[in-house]
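K.L.:
Have a look at the structure that comes next, please.
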Amino acid sequence: MSATADLRDTALAAGAELESAHPLDVLAWAHEAFGDGLVVASSMADEILVHLASRAAPGVDVLFIDTGYHFAETIGTRDAFAATTPITVRTVLPQQTVAEQDAEHGARLHARRPDLCCALRKVEPLERGLGPYQAWVTGMRREDAPTRTDIPVVGWDERRSKVKLNPLAAWTQDDVDAYAAEHQVLLNPLRQIGYTSIGCAPCTRAVAPGEDARAGRWSGQEKTECGLHL
Ligand code: SF4
């Protein structure tokens, strides 16, 4: 059997076994199973995931895609986590700076062709960054969006031939808030002014009370996903 087939079988078996496990246990299993082959992909908008990973897998690599469009508060959150928790932040940059992209494609590509902008500034860097790893962790939850209702806790990422873990899949916003409060998790300061889902600055706005948590992402456009998880 090939190494890829072995890895897929490991993912599928663990998926059945860990479906109801606490995220800490899922992350501890992954740390044991994959060691340095494990990486957490974080935009620093999933702060409790980073906190959980630092507890379950001290020293774990955390992949941060610096799109060039992040809020200063998000960069500050990354730096604060790096300084105060046992994680190893690996920042990956797009192939082009924003200025170089503007020169080739015109200014404000995010407003005209957001799928292309995400492909250049998020998806390609993520693919490159994930390259050396066997397994990657995301902060996705089933209640985030209609496109995420069936994500597994541990699954097989067929396109990338990697194990993909979503340890928070079953958690609700109340679970997230309770964990953050209990452990006094460092949070992106933008949360205090209505930013419930945080991405790049040009494509994120604060939401009003009662609005869907992700209503502030690509507001006014049909786009709902950046393409990382498709
Ligand atoms: S979220 Fe907006 S600014 Fe960020 S990469 Fe996608 S389109 Fe570009």
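K.L.:
Checking understanding here: applying a Kyte-Doolittle mean of at least -0.5 and a length along the axis of at least 15 Å (C-alpha), which whole DSSP H helices in the chain pass?
P.N.:
Taking the DSSP H segments of the chain (at least 15 Å long, mean hydropathy at least -0.5), we get 3-18, 23-34, 72-84.
K.L.:
Normalising by the residue count of segment 45-200, find the relative contact order in percent from Cα pairs under 8 Å and 6+ residues apart. Walk me through the numbers before you get to the answer.
P.N.:
Working: 181 pairs, mean separation 40.2, N = 156.
Over segment 45-200, the number comes to 26 percent.
K.L.:
When only DSSP loop residues count, what trypsin sites (Lys or Arg not before Pro) in segment 91-157 have their Cβ near at most 15 other Cβ atoms within 10 Å?
P.N.:
On the way: sites: Arg108, Arg112, Arg121, Lys122, Arg128, Arg141, Arg142, Arg148; in loops: Arg108, Arg141.
Counting only loop positions with at most 15 other Cβ atoms within 10 Å, the trypsin sites (Lys or Arg not before Pro) in segment 91-157 are Arg108.
K.L.:
Sorting Met140, Met44 on the 10 Å Cβ count, fewest up front, what's the list? Walk me through the numbers before you get to the answer.
P.N.:
Working: Met140 22, Met44 26.
If I rank by nearby Cβ atoms, fewest first, I get Met140, Met44.
K.L.:
Name the residues whose placed amide hydrogens come within less than 5 Å of the amide hydrogen of Leu63, ignoring near sequence neighbours (fewer than 5 apart) on the same chain.
P.N.:
When sequence neighbours closer than 5 places are left aside, the close amide H contacts are Val40, Ala41, Ser42, Arg90.
Every number in this text was worked out from the coordinates using simple rules, so none of it is lab data. A quick note: this is a predicted structure, and the numbers were derived from the prediction, not measured. Heads up, the Cβs are rebuilt from the backbone with ideal geometry, glycines too, and the neighbour counts pull from every protein chain shown.
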